[in-house]
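Taking it in order: structure first as structure tokens, then the write-up.
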Amino acid sequence: MPSRKVGGKPTSSDVAAAAGVSRSAVSFAFNSPQRISATTRERILAAAAELGYTPNTLARMLQAGTTTSLGVLLPQRLAQILENPYYARFLMGVGQICDQEGYTLLLTPPLQDSVLKAIPYAAVDGFIVCGLETEGAEVVELERRKIPFVLIDSDRYENAPSVDVDDHGGAREVTRYLLELGHRRIGVLSIGPGPDVATRGYRGPLGRRLDGIAEALAGAGMTMADVALAEVPVSRLDGYRATKQLVARDPRPTAILALSDVLAFGAVDALEELGLSVPDQVSVTGFDDLAESAWFRPRLTTVRQPIVTKGRSAASFLISAIRGEDQHPHQLLSTSLIVRDSAAKPLV
């Protein structure tokens, strides 16, 4: 029997020498067993086991031009992403299609705070691109490398599939609901837009949601200048901090309109700590309809977006693009207002 190699990882050449065969025969034993006899394959596998050799699956897949893995290109660090339950729901949908089609999933956060730098290090067949601008360097790089991709929570792009929700309509409806209840002093917890908002304006889902709010306000003779706007990262703690600042204003807002459920949860935390009753003294609404929203206390009035469906559609579109079947489809998913217990008529 062959002796184990001392120092270093055993190679296919080591196995070939131990089994008395060529390197090609070793490759056939692991990848195309029908091309060699059963006796030869058994001898090769026995030598490989004795040496502790395992084939480099990744190298083999890269040589073949496929990894059977989908990448999710994330706009934030993993710690921030995993703090937001939205991504758990989205990845559930992606994962369902991966399981169905036999793909693995690789999460790709920024490398050294750069999404662009992360792209070359991800061994995937294609990317689901979350929340990046269509004119950004990342999209240009993916096209240059001819890597299939699907855009999520972005602007529509003619050169790639995309999946979005009706952010404009959802934000408009929840704002109208608060206005119909009688609220005129509204604080908005907005998702932080990034450093270039001053020169490029609000884009993507955030721009659409703010436009929806503005349209509803216009129907009541108001503008965005009439609301208190706080732009914060999407975390419960940031929602908590920003709400404390908003309710310190004089006069105090009678309603907090949060552009994510996570921010709304933080808002309720802050209001309860300040001794302000929700919704009797301050109403709170969210956006997403996370699972927690239905059993949170008070149960959260929010805008439902089909997060799991969005993930499933994104993965399906990407696999079609990888297979060359895609015609750059664009899907717009509906939203709906879910009325629960966290919003009521203002007392004053």
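Points worth noting:
- Only one entry in Gly266, Gly275 is farther than 19 Å from Thr302 by Cα and modelled with pLDDT of 95 or more, namely Gly275.
- Some residue of the range 315-328 being buried (at least 16 other Cβ atoms within 10 Å of the Cβ), part of a loop (DSSP other than H, G, I, E, B) and either in contact with a Gly (Cβ under 9 Å, 6 or more places away or on another chain) or of a type outside the set (Phe, Trp, Tyr) (or both): yes
- Unmet criterion (only one of (1) modelled with pLDDT of 95 or more; (2) open to solvent by 10 Å² or more (accessible area, probe 1.4 Å); (3) over 30 Å from Ile322 (Cα atoms)) for Val174: (2)
- Residues within the range 30-86 that are within 21 Å of Arg323 (Cα to Cα) and either at pLDDT 90 or above or touching a Phe, Trp or Tyr at 6+ places or on another chain (Cβ under 8 Å) (or both), tallied: 6
- The residues of the range 14-54 that are open to solvent by 40 Å² or more (accessible area, probe 1.4 Å) and outside any helix (DSSP H, G or I), listed by number, are Gly20, Ser22, Ser37, Gly52, Thr54.
The values are calculated or read from the model by the stated rules, or taken from the named source; none is laboratory data. The structure displayed is predicted, hence computed values, not measured ones. Using ideal geometry, Cβ is built from the backbone for each residue, glycine included, and neighbour counts are taken over all protein chains shown. Calculation scope for accessible area: heavy atoms of the full protein, side chains included, ligands and nucleic acids excluded. Shrake-Rupley method; radii C 1.70, N 1.55, O 1.52, S 1.80 Å.
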